[in-house]
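A.B. asks: Okay, here's the structure, questions in a sec.
The values are calculated or read from the model by the stated rules, or taken from the named source; none is laboratory data. Remember, it's a predicted structure, so these values are computed and weren't measured experimentally. Don't worry about glycine lacking a Cβ; one is built from the backbone with ideal geometry, like all the others, and counts go over all protein chains shown. The protein model used for the area step is the full one, side chains on, heavy atoms only, and it has no ligands, DNA or RNA in it. Shrake-Rupley method; radii C 1.70, N 1.55, O 1.52, S 1.80 Å.
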Amino acid sequence: AAAAAAATVGFKAATAALIALKNALIVSVEVAANFERGFQVVKAITSGTSDDFKKLERDIVNVSKATEHASGKLIKAAEVLGRAGFQADKIGPAIKTVGDLATAGGISVGSAAELSVRMLKSFGMQLDSLPKIANMLATAC
C-alpha cells in the first residue's frame, strides 16, 4: 500500500511538472510569434536592407536582455520610429536610447519613442541626434 501511495504521489508530481513545462513552452512560442508579427509590421513600414533588419532585430533583443523593457514593447517603439520615417539602420542604434529615456522618465517605451519623434521633428533633427535630445529630456524630468 505504501508503494502504491508513493507511486501515485510520484505520478502526480511528474504530471504537474509536465503540465508546467507544457505551459512554459506555450508561453515561449506565443512570445516568439508576437515578436515575429510585430517585427513584420516594422519591416513593412520601414525601409532598409535585409542586413539592416537583421541588425535591428539583434539590437531589439540585446536591449531587451540588458534592460527591463520587453522585446514586444521595444518593437512598438521601433514601429513608432519607422512610422515617423526613420530607416531600419538608424532605428536599431536608437532603440537603446529610447529605452534609457523611458527608464529615466518613468514612462513607457512607446511614449518615449513618441516623445523622441516629436522632439526630433520639432528641432528638425535626425535620429542620430537622439542621444542629445534624450539627455535634455532626462535632465528636464
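A.B. asks: Under 12 Å Cα-Cα from Lys90, which aspartates and glutamates qualify once same-chain neighbours fewer than 8 residues away are excluded?
C.D. replies: Asp52, Asp59, Asp128
A.B. asks: Okay, next question. Using the Kirkwood formula over every pair of different C-alpha atoms, what hydrodynamic radius in Å results for the chain?
C.D. replies: One decimal place: 16.9 Å for the Kirkwood radius.
A.B. asks: Something else: If you place +1 on the Cβ of every Lys and Arg and -1 on the Cβ of every Asp and Glu, how big does the dipole about the Cα centre of the range 29-99 come out, in debye to the nearest 20? Please list the in-between numbers first.
C.D. replies: Working: 11 positive and 9 negative charges, 22 e Å.
So the dipole magnitude of the range 29-99 works out to roughly 100 debye.
A.B. asks: Keeping all protein chains in place, calculate the accessible area per residue for the range 23-141 (probe 1.4 angstrom), answer in Å².
C.D. replies: 55 Å²
A.B. asks: Arranged from highest to lowest average of other beta-carbon atoms within 10 Å per residue, in what order do the peptides 44-56, 96-108, 11-23 appear?
C.D. replies: The packing order, highest mean first, is 96-108, 44-56, 11-23.
A.B. asks: Sorted from largest down, what three extents in whole angstroms do the Cα atoms of the range 74-123 have along their principal axes?
C.D. replies: So the extents along the principal axes, rounded to whole Å, are 26, 22, 15.
A.B. asks: Once the dipole of the chain is set up with Lys and Arg at +1 and Asp and Glu at -1 on Cβ about the Cα centre, which of Thr49, Met119, Leu21 lies farthest towards its positive end?
C.D. replies: Leu21
A.B. asks: Could you tell me the calculated FRET efficiency between Ala17 and Gln40, based on Cβ-Cβ distance and R0 = 41 angstrom, to the nearest 0.05? Numbers along the way, then the final one.
C.D. replies: On the way: r = 35 Å, r/R0 = 0.85.
E(calc), rounded to 0.05, equals 0.70.
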